[in-house]
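K.L.:
Just dropping this structure here.
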Amino acid sequence: MKSITKLLSSTIIFACASVQAEPVMNLITINTNDPAGYSAWAKGSAKALVKANNAMAMGLCSPTSGAQEMGDHYLWTFFDSQAMVWANDPMNPGVAAEVAKMDVDREVRMWDNWRIVRAAEVSEKGYYYNLHVKTDNPGGYMAALDNLYSEMQERGHNVSMQVFMGDTGETAGLLMVSLGSSDRAAMGRMMDARAEGWFQKAVSNLDGKREIVHGFSLVCETYAVADM
């Protein structure tokens, strides 16, 4: 999957350029006492599931801190548009055949769609810090995020920023900001930078624009990408 970053970023750009196309992430929160077994199943079935769902890519994220419930994991799927999500039967025969192969006890806790408001390149494996944010001023909040991200880049913090907006369930209307890197150390340096004056000044522009609901760190892997 050496071309994954170029493939996903170009696919998302194409979708955004299409008439009213809006990329979407479908996110299934599962809970299991056998994460290795679930990961093995997801990795083995991802290619078939991406094809069956007409999806762009699929992978798995596992919290390293801040999990809502111990044992939670997140199976994510990217689609290039809302039209593709709504036209898709989430339990079509191809999906059902792969789910039938699962030999792992797991509970599906949530199954939600998130609009991809800001896309970023996706690596085969990355380390992420995510925030669920509530805001009555999404435009102002996004502008403040743009400023913060520019400051980070100017100071050599080469991390990605993705932003999602919840469409369903208890996360509807929430924003999820995701900072990530394929380099653990780069993420650590970025987190350390929050104590520096320039970061605090940039974050002050967010005052009154948002309420932090939940924060968590994750390790994420991409298991399959659609053939182009």
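The values are calculated or read from the model by the stated rules, or taken from the named source; none is laboratory data. For clarity, every value in this text was computed on a predicted model and none was experimentally measured. Ideal geometry is used to build each Cβ from the backbone, glycine not excepted, and the neighbour counts take in all protein chains shown.
K.L.:
Against the condition without any contact (Cβ under 8 Å) to a residue 40 or more places away in the chain and surrounded by fewer than 16 Cβ atoms within 10 Å (Cβ to Cβ), how does Glu170 come out, does it pass? So that I can check it myself, show each step before the final result.
P.N.:
Working: without any contact (Cβ under 8 Å) to a residue 40 or more places away in the chain: no; surrounded by fewer than 16 Cβ atoms within 10 Å (Cβ to Cβ): yes.
Answer is no for this residue.
K.L.:
Sticking with this structure for a sec: Can you spot a residue in the stretch 201-220 that is in contact with a helix residue (DSSP H, G or I) (Cβ under 8 Å, 6 or more places away or on another chain), surrounded by 13 or more Cβ atoms within 10 Å (Cβ to Cβ) and among the aromatic types (Phe, Trp, Tyr)? Working first, answer last.
P.N.:
Here is the first cut: in the stretch 201-220, the residues in contact with a helix residue (DSSP H, G or I) (Cβ under 8 Å, 6 or more places away or on another chain) are 202-203, 205-206, 209-210.
Right, trim to surrounded by 13 or more Cβ atoms within 10 Å (Cβ to Cβ) and you get 202-203, 205-206, 209-210.
Subset that is among the aromatic types (Phe, Trp, Tyr): none.
No; the residues of the stretch 201-220 include none that is in contact with a helix residue (DSSP H, G or I) (Cβ under 8 Å, 6 or more places away or on another chain), surrounded by 13 or more Cβ atoms within 10 Å (Cβ to Cβ) and among the aromatic types (Phe, Trp, Tyr).
K.L.:
Can you go through Ser65, Ser45 and tell me which one is out of contact with any Pro (no Cβ under 6 Å at 6 or more places or on another chain) and surrounded by fewer than 18 Cβ atoms within 10 Å (Cβ to Cβ)?
P.N.:
Just one listed residue meets the conditions, Ser65.
K.L.:
Let me ask something else about it. Does Asp89 count as over 12 Å from the mean Cα position of the chain (by Cα), without any contact (Cβ under 8 Å) to a residue 40 or more places away in the chain and not assigned by TED's automatic domain parsing to the domain that holds Gln200? Break it down stepwise before answering.
P.N.:
On the way: over 12 Å from the mean Cα position of the chain (by Cα): yes; without any contact (Cβ under 8 Å) to a residue 40 or more places away in the chain: yes; not assigned by TED's automatic domain parsing to the domain that holds Gln200: yes.
Yes; evaluated as a whole, the condition is true for this residue.
K.L.:
Which of the residues spanning the stretch 107-163 are among the hydroxyl-bearing types (Ser, Thr, Tyr) and touching a residue at least 40 places away in the same chain (Cβ under 8 Å)?
P.N.:
Those that are among the hydroxyl-bearing types (Ser, Thr, Tyr) and touching a residue at least 40 places away in the same chain (Cβ under 8 Å): Ser123, Tyr127, Tyr128, Tyr129, Thr135, Tyr141, Ser160.
K.L.:
Residues of the stretch 173-207 being in contact (Cβ under 8 Å) with a residue 12 or more places away in the chain, not hydroxyl-bearing (Ser, Thr, Tyr) and not in a helix (DSSP H, G or I), which ones?
P.N.:
Gly173, Leu174, Leu175, Met176, Val177, Leu179, Gly180, Asp183, Asn205, Leu206
K.L.:
Let me ask something additional. Only residues that are within 22 Å of Ala224 (Cα to Cα) and surrounded by 14 or more Cβ atoms within 10 Å (Cβ to Cβ): list them for the stretch 118-157, please.
P.N.:
Of everything in the stretch 118-157, those that are within 22 Å of Ala224 (Cα to Cα) and surrounded by 14 or more Cβ atoms within 10 Å (Cβ to Cβ) turn out to be Arg118, Ala119, Ala120, Glu121, Val122, Ser123, Glu124, Gly126, Tyr127, Tyr128.
K.L.:
Please verify whether the stretch 69-82 includes one or more residues that are of a type in the set (Gly, Ala, Ser) and either outside the structural domain of Ala172 (by TED's automatic domain parsing) or in contact with a helix residue (DSSP H, G or I) (Cβ under 9 Å, 6 or more places away or on another chain) (or both).
P.N.:
Taking every residue of the stretch 69-82 in turn, at least one turns out to be of a type in the set (Gly, Ala, Ser) and either outside the structural domain of Ala172 (by TED's automatic domain parsing) or in contact with a helix residue (DSSP H, G or I) (Cβ under 9 Å, 6 or more places away or on another chain) (or both).
K.L.:
Moving on to the next point. Across the stretch 78-108, what is the number of residues that are exposed (fewer than 14 other Cβ atoms within 10 Å of the Cβ) and under 21 Å from Asn31 (Cβ atoms)?
P.N.:
Result for the stretch 78-108: 9.
K.L.:
Looking at the stretch 173-187, is at least one residue β-branched (Val, Ile, Thr), more than 22 Å from Ile28 (Cα to Cα), surrounded by 12 or more Cβ atoms within 10 Å (Cβ to Cβ) and not assigned by TED's automatic domain parsing to the domain that holds Ser62?
P.N.:
no
K.L.:
Given Ala83, Ala96, which one is in contact (Cβ under 8 Å) with a residue 12 or more places away in the chain, of a type in the set (A, V, I, L, M, F, W, C) and either closer than 23 Å to Lys47 by Cβ or not in a strand (DSSP E or B) (or both)?
P.N.:
Only one candidate qualifies: Ala83.
K.L.:
If you don't mind, another one. Quick one: how many residues across the stretch 29-40 are in a helix (DSSP H, G or I) and either modelled with pLDDT under 95 or surrounded by fewer than 21 Cβ atoms within 10 Å (Cβ to Cβ) (or both)?
P.N.:
Total meeting the criteria: 5.
K.L.:
When the residues of the stretch 158-167 are narrowed to those that are part of a strand (DSSP E or B) and aliphatic (A, V, I, L, M), which ends up surrounded by the most Cβ atoms within 10 Å (Cβ to Cβ)?
P.N.:
Step by step, filter the stretch 158-167, then rank; the result is Val163.
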